[in-house]
Every structure is written in C-alpha cells, then in structure tokens.
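So the structure is just underneath, and the comments pick up after that.
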Amino acid sequence: MKKIGGLRKSIAFLLTMAMSVGMLAGCGGNEKSADTSAKNETAAQSSAEDVAQSLAVPTGELSDETITVALPAEPNSLVPAIIQCGTETNAVIMSLLYETLYKNEYETMEHTDSSLVEKTEQIDDTHFRLTLKQGIKFQNGEDLTTEDVLYTFQQGAQGALKGEYSIYDVENFEVEDDYNIIFATVQPWAQAQDRLGFEMFFIANKEAFEAAGGAGSTVQYLEDAGTGKYKLAEWVPGDHITVTRNENYWNQETLPYYKDIKFVFINDSSARGMAVQSGDVDIAIGLDLANYNVYESDANINAVVLNDNRTAVLFLNSGNGGPLENEKVREAVYWSLDKEALRQVGMSGFGEIQDTMISTKAPVWDGVEPEIYKPDYEKAKALLAEAGYPDGVNLKFRVYAITATISMLQEQLRQGGINVELELAEIPVHFAALAEGDFDMCYSLQQFAYYTEPVRCVDGINYKYSDVMGGTGYKNEEFSKIASRCYAAIDMNERKEAYAELLAHFREHYVSCGLFSSSYLCLTAKNIEGLGLRGMAVVDLTNIYSVNQ
C-alpha cells in the first residue's frame, strides 16, 4: 500500500486553523457570550493538541475505507465552467474531481506546490504567461495541455458563469505551445491570477468537454475529465454520489488518505448533525452555529469551526436618488446599529466585528481595528433631522429570506428613526431588483479571498448595479479613482496603500456598514482530522485523514 504524502505539509495549515478557532470572539457582557468564548478556547486547545500529536505520529498507510459526507443538497450538475458552483453542494464534490490552475492557501492566497502551474510571468498590466507543469494527466489518461485550458475558458465565457469570466479577454488568449499560454484581461486587474484558484475555474479535458457539447452541454457530469485526486464512481440521483481515489493522480506523494467518499444529501441542518452523532455519517457540512455548544460537548464527535472570514455588509444604496444619497442619513444608519448584538444573532458569538466591506483578515486590510461602539439612537434621530427628516425616514430593504439577523437590523434601525420596509421576494426576483437598483438597502456576505469584489460593489462609477447585482451605486469621483488603483495595482505594497486610502474614505463617509465576519461549522467523527477551506470558502476534503484515538 502507498504511504500518505503531504500530511506533514498540512500541519502548518492545521495549526493556523486551530489558532483561528481560538481567536473566534465570544462577546463580553453576558453569560452566553462568556460561555461561547470559553468553549472556543477549549476547542482551540484541543485542536492544537491533536495537531501537535500528529507531528509525532509516523506517516501511515493509505486507507481502504469509505467515509460518508452529508451535504445540504444534491448537486444539479458536476460539469465545470458552465454551471454555478454552490459552496455546499457542487463545489465540494467538484474540487475532488477537478483542479484549478492555482491552488492557494486560503488564509494568505499564496500559491502552493499543488498548483497545475509551474511558473507565472507578468508581461504587462493586462497580460501574463502561465507555464503548465509537464506530466499532469487527466483521469482518462490524456496529458493536460494549454488547449484544455483555452477550451475551458472559451466555454466558461459562454456559460452560466460568463460573468465570472468577464474580466478575462478570452478571445485574445494566446497558446504558444502545449505548456505555455498568455492570458489577457480586459483591463488591469490585480487579482486576475488569484482568481484562477477559485472553484468557478476548474480545468476540464477538452476532448471530453467538447464531446458533451461544451457550453451547451446538458449532461450531469463529464467522464474522467478532471485532473483531481478522485474520480466519479457512481451517481444514484436522489440518493448518493460516490467518488473513488484516482490511483494515477499526477502527484503520487499527495494521494488522498481515504479510498472512497460517499456523499449523501440531508437538507435539515439538525438532521445532518444527528447523523454524525449516531455514526451514520462521518462528516456533516454546514451546520447551525447556534448548536455549537451542544455538538462540542459530545465526546464522540469533533465540532470544527472554520473561520471563512467573509464579511457581512449592509449595503446602503446612495446612487438611486433616495435618502441614502445624503451622508447624514447614512451616518444615522451607522449610529443605529448594535454590531455586537448582530454578531451574536448572526454568528452565535463567533466571527469578529467589522467596519468596512473588507475583512480584517484580508491581505489588503489596513490594520485599523474596528471601533466597538454602542448605538446612539438619539444621535441618529438628530442626524436625520439635520438631513431634512425630522419625523424619521422610510427605506426599502430587499431580502430573499427573513432571518434573525434581518429582523434585528430592522428593529435596531427603527429605534434610530429609520423605518425599514422588508421587500421579500424569491431569489430570481430579488436579484433582478438589485440589478435595477430598486432598493435602499441589501444585506450580503462579501468574499474574503476575492477582496476586489466588494470594492466593485461600492464603486458606482465604474460599475452598474447589474454588474454586481446590487451594491451601493456610490458615485464619488475620489472613491472611484482610488478603487481603480486597487483593481490595477500588481505590486502588493502599492495595492495595500490604495486599499488603505479606500477604506479610510469608506469609514469617513459612511459609504455602507461592515458588520461582522462569518464562520462555518462542520462535524466529523472523532478520529477525522484535516478539514479545511479552499477558493471562495469551499470546504476542502482533499487533506482529511484518520488518527488513532
């Protein structure tokens, strides 16, 4: 049997993740918060001890076991490039079958040795050359070449994800030979390379993809068309999907530990949790954080909190001619919010307070710690009066689900003299309204890894509502000029300087309201370790393994 490779490479990541759990803030000032904080600290210590112990454990043999993973829903398709990847369904499975050109460390966005790319050369502001590693094979035995990369991007630019491909000038990509390809972007875009590690850019075998109809494909999956660590073994619609270890994987030193992974679909969060507790399932993804204390007290399972660092943002539409065009009204919103209470409700005490749309863990955060303040409803009402609304103001808040967080936001704003009317609609209608700018407020989680995206959501000069499906429509020349530097600065020091200016402007002018960062709860059987995140907060199962208890 083959030996486990790459286990020790993941130790640094696991230690980091253990520390992240420890840093998840419980709040002060109430009994529940103190209890959450104490349990977070205990969980962090346990995780660190497990990792430290694994350093002393000799590298073991690969397992012939099948483990079972519960997902919230069944994928609608496993065809890359042309279908939307849900973080809890399609992408979790697809990241086992396919790979992206880069594999990035989630917390730093740095490229790892597991990437398909040997080297990258920045040619100018809108062109860079990628050199593929040689000897990488698809599961069907064919070599990965630049023709596969080009074809995948050509189809992606026509499929349901074409908006994600829009920054790439695919028509002007240039294949130089089997292993060198020049990428072009439609404008200078600093994160153009980072994005190649996100799950919407899985690379597929041209021959298999083309035979299935490319962007017009209606099949559920492509046969052995990825370079991933697993191959699709079975899909029984409505019941389960099983993937099996790709024994011919191009990097033999990083073969996955488990032979097979069986995915089952359990819609109810509590039912997924009970399935792990009963032993029917080995891993459950996407549990309710409110139940963390219950799960953490169960000695037979691991409650794993992954800090995905996405930022919850209340976007204030200042570009549709409504009341929020007035800075004093936006400031009144700010003073009406109790972010600590919102964090408790929205993340059950996990995560951290945020004050902009950029996570405080992002590589471009400016280091200014968010101010923890108490709401001042009288100040909010006074600001509204100065803005010409002595009797308060009415605003339209677009939502596609009414959650506890949304209800609390509505009540907090009401106390500050801001009457919020919730416009509840199904998802297609909701996003159609956002694309037209027909709203005053909307609530969204902004990506930690793709930190350029939140800037686009604010910049109402370079981007329309339809470009970002909502945002703020903020039409400010100074902000837009700074944002353009953020988009284009290839040099990281220059990029950080631009983001520092942008975040200062954001805070000074109350452009919108960052609220808190998000966390993600999974459960595993007691002996399973190595769960992590990749791309845009997708749970990564490629490094999981079993430890002796």
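The values are calculated or read from the model by the stated rules, or taken from the named source; none is laboratory data. On a predicted model such as this, the values are computed, not experimentally measured, just so you know. So basically every Cβ, Gly included, is an ideal-geometry build from the backbone, and we count neighbours across all protein chains shown. Heads up: the accessible areas ignore ligands, DNA and RNA and are worked out on the full protein's heavy atoms, side chains in. Shrake-Rupley method; radii C 1.70, N 1.55, O 1.52, S 1.80 Å.
Observations
- Hits in segment 111-132 (condition: assigned to a strand (DSSP E or B) and either of a type in the set (Ser, Thr, Tyr) or on the phi > 0 side of the Ramachandran plot (or both)): 120, 131
- Scanning segment 421-452 for residues that are within 24 Å of the chain's Cα centre (by Cα) and open to solvent by 40 Å² or more (accessible area, probe 1.4 Å) gives 426, 427, 428, 429, 431, 432, 443, 445.
Listed here are the residues, each with its yes/no results for (1) buried (at least 18 other Cβ atoms within 10 Å of the Cβ); (2) touching a residue at least 12 places away in the same chain (Cβ under 8 Å); (3) touching a helix residue (DSSP H, G or I) at 6+ places or on another chain (Cβ under 6 Å); (4) aromatic (Phe, Trp, Tyr).
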residue: 256; (1), (2), (3), (4): yes, yes, no, no
residue: 261; (1), (2), (3), (4): yes, yes, no, no
residue: 268; (1), (2), (3), (4): no, no, no, no
residue: 274; (1), (2), (3), (4): no, no, no, no
residue: 277; (1), (2), (3), (4): no, yes, no, no
residue: 281; (1), (2), (3), (4): yes, yes, yes, no
residue: 284; (1), (2), (3), (4): yes, yes, yes, no
residue: 292; (1), (2), (3), (4): yes, yes, no, yes
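- Those residues of segment 301-333 which are within 29 Å of residue 107 (Cα to Cα) and either aliphatic (A, V, I, L, M) or over 24 Å from the mean Cα position of the chain (by Cα) (or both), in sequence order: 301, 303, 304, 305, 306, 312, 313, 314, 316
- Inclusion of residue 191 among residues that are assigned to a loop (DSSP other than H, G, I, E, B), open to solvent by 40 Å² or more (accessible area, probe 1.4 Å) and of a type in the set (S, T, N, Q) is not warranted.
- Some residue of segment 298-309 being of a type in the set (S, T, N, Q), crowded, with 18+ Cβ neighbours inside 10 Å and under 28 Å from residue 388 (Cα atoms): no
- Entry remark, segment 402-420: residues being out of contact with any strand residue (DSSP E or B) (no Cβ under 8 Å at 6 or more places or on another chain) and either closer than 17 Å to residue 330 by Cα or open to solvent by less than 60 Å² (accessible area, probe 1.4 Å) (or both) number 6 in total.
- Considering the conditions (1) open to solvent by less than 30 Å² (accessible area, probe 1.4 Å); (2) on the phi > 0 side of the Ramachandran plot, residue 224 is excluded by exactly one of them, (1).
- Answer from 329, 345 - the residue that is under 29 Å from residue 397 (Cβ atoms) and open to solvent by less than 20 Å² (accessible area, probe 1.4 Å): 329
- Considering segment 401-420, and only residues there that are among the aliphatic types (A, V, I, L, M), closer than 14 Å to residue 444 by Cα and in a helix (DSSP H, G or I), the residue that is farthest from the chain's Cα centre (by Cα) turns out to be 409.
- Residue among 198, 263 that is modelled with pLDDT of 95 or more and either under 21 Å from residue 535 (Cβ atoms) or of a type in the set (S, T, N, Q) (or both): 263
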